[in-house]
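This report refers to the structure that appears directly beneath it.
The values are calculated or read from the model by the stated rules, or taken from the named source; none is laboratory data. Here the structure is a predicted model, which is why all the values come from computation and not from measurement. Please note: Cβ atoms are built from the backbone with ideal geometry, for glycine as well, and neighbour counts cover all protein chains shown. Quick note on the areas: whole protein, heavy atoms, side chains included, nothing else; ligands and nucleic acids left out. Shrake-Rupley method; radii C 1.70, N 1.55, O 1.52, S 1.80 Å.
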Amino acid sequence: MARMDLAHPKSRAGSWFVDTRCIGCDASRHWAPSLIEADEQGLSYLARQPENPAEEAELWRAAAACPTQSIGTAGARRPPQPAFPFELTPGVYALGHNARSSFGAHSYLMVRPDGNLMTDSPRFTRDQAERIEDLGGLRHVLLTHRDDVADADRWAERFGADVWIHEADADAAPYATVILGDEPATISPGVTAVHAPGHTAGHVVFHADDRWLFTGDALHWNHRRGELDVFPEQTFQSWDILADTMDRLAALSVEWVFAGHGSWHHVEADSYTRQMAGLGPAMRALGQQAWARRPNTAYGWY
């Protein structure tokens, strides 16, 4: 629960507030970008109070997503309707309830006739489990890499789901039931796991129906720059290997990018192909350190 006694001093006076336990993960700012801003250290504060029901709903989603539960209101204790799952596009839901153990990474639910798939894990809550049950339950938990495992074991146990992870990151999920190798693997009709190393050696992405790409920490939409981007300061295996991964991902047909960190985005197929064709070469030309110093990348995870 958010603590009003720790409210950020820059938060605008009123019912809603953000407290100073924020870890700067940016998750809440993706849900309420016109209401929540970052201070000089990258920590969130409430820039203005909501002015209509739509903005109130944005803040309820931001509050439910925040991994430190730093967003609160002195008004109602619960939203008028559940904040999550929240449908981003038909068939794909954001799950919110971002876990502090994964530094606030986003996770998603794909609703499919042959069994629903969760990509990376939110915090486990009974209320969210009931809503996922209403959407058809859960057949697979797909882990992009070791950093964003969170409560995957609890979700798998609740629904009797298989857990997928690459062999190089498998020690982070010893309960996994399917261990991936370097070759593409079919998870269910239309859904493929693609090895995408660079951030970690065992990082994978999940490509669905030639239009959706669940990218974990390999690729994201940089909303400040308005383009597809990578995280130079969080490239833990190899910058060159990550650039090679971008070359391979450029060959995929993609209309939506659903990132773990950074923002999701409807990028459209032509724009995706054009941007990705240049991303790997640009990474090699500029280098990791210079990439990290570009404008509009002042804070680590977004």
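Within the range 10-47, restricting attention to residues that are touching an Asp or Glu at 6+ places or on another chain (Cβ under 9 Å) and open to solvent by 60 Å² or more (accessible area, probe 1.4 Å), the residue that is modelled with the highest pLDDT is 33.
Pairs meeting the criteria (first residue in the range 229-250 and farther than 14 Å from residue 217 by Cβ, second residue at pLDDT 95 or above and basic (Lys, Arg), beta carbons under 6 Å, at least 6 apart or on different chains) are 243/284.
In the list 77, 29, which residue meets the criterion of being over 19 Å from the mean Cα position of the chain (by Cα) and either of a type in the set (Lys, Arg) or assigned to a strand (DSSP E or B) (or both)? Don't jump to the end; show me each part of the working.
Working: 29 fails: over 19 Å from the mean Cα position of the chain (by Cα).
Answer to the check: 77.
Are any of the residues in the range 251-266 surrounded by fewer than 22 Cβ atoms within 10 Å (Cβ to Cβ) and under 13 Å from residue 196 (Cβ atoms)?
Looking through the range 251-266, at least one residue is surrounded by fewer than 22 Cβ atoms within 10 Å (Cβ to Cβ) and under 13 Å from residue 196 (Cβ atoms).
Residues that are more than 17 Å from the chain's Cα centre (by Cα), in a loop (DSSP other than H, G, I, E, B), closer than 19 Å to residue 106 by Cα and at pLDDT 95 or above are absent from the range 175-195 altogether.
Taking interchain pairs and intrachain pairs at least six residues apart, which have beta carbon atoms under 8 angstrom, with the first residue in the range 1-18 and aromatic (Phe, Trp, Tyr) and the second open to solvent by 100 Å² or more (accessible area, probe 1.4 Å)? Final answer for the pair search is 17/4.
When the test is whether a residue is outside any loop (DSSP other than H, G, I, E, B), without any contact (Cβ under 8 Å) to a residue 24 or more places away in the chain and not aromatic (Phe, Trp, Tyr), residue 37 passes it. Scanning the range 168-175 finds no residues that are within 20 Å of residue 136 (Cβ to Cβ) and in contact with a helix residue (DSSP H, G or I) (Cβ under 6 Å, 6 or more places away or on another chain). Taken over the range 196-205, the residue count meeting the criterion of being under 16 Å from residue 283 (Cα atoms) and assigned to a strand (DSSP E or B) is 0.
Scanning the range 45-68 for residues that are of a type outside the set (A, V, I, L, M, F, W, C) and in a loop (DSSP other than H, G, I, E, B), we see that the one that is nearest to residue 14 (Cα to Cα) is 49. The residues listed here are 245, 297; of these, the one that is among the β-branched types (Val, Ile, Thr), at pLDDT below 95 and closer than 27 Å to residue 169 by Cβ is 297.
Scanning the range 165-212 for residues that are open to solvent by 60 Å² or more (accessible area, probe 1.4 Å) and in contact (Cβ under 8 Å) with a residue 24 or more places away in the chain, we see that the one that is nearest to residue 147 (Cα to Cα) is 171.
Evaluated against (1) out of contact with any Lys or Arg (no Cβ under 8 Å at 6 or more places or on another chain); (2) more than 27 Å from residue 192 (Cα to Cα); (3) open to solvent by 10 Å² or more (accessible area, probe 1.4 Å), residue 111 falls short on exactly one condition, (2).
Go through the range 114-137 residue by residue and tally those that are in contact with a Pro (Cβ under 8 Å, 6 or more places away or on another chain) and open to solvent by less than 60 Å² (accessible area, probe 1.4 Å). Steps first, please.
Let us first name the residues in the range 114-137 that are in contact with a Pro (Cβ under 8 Å, 6 or more places away or on another chain), namely 114, 123, 127-128, 131-132, 135.
From what's left, open to solvent by less than 60 Å² (accessible area, probe 1.4 Å): 123, 128, 132, 135.
Qualifying residue count, the range 114-137: 4.
Residues that are over 19 Å from residue 97 (Cα atoms) and either touching a residue at least 60 places away in the same chain (Cβ under 8 Å) or touching a strand residue (DSSP E or B) at 6+ places or on another chain (Cβ under 7 Å) (or both) within the range 46-83 comprise 46, 47, 49, 50, 74, 75, listed in sequence order.
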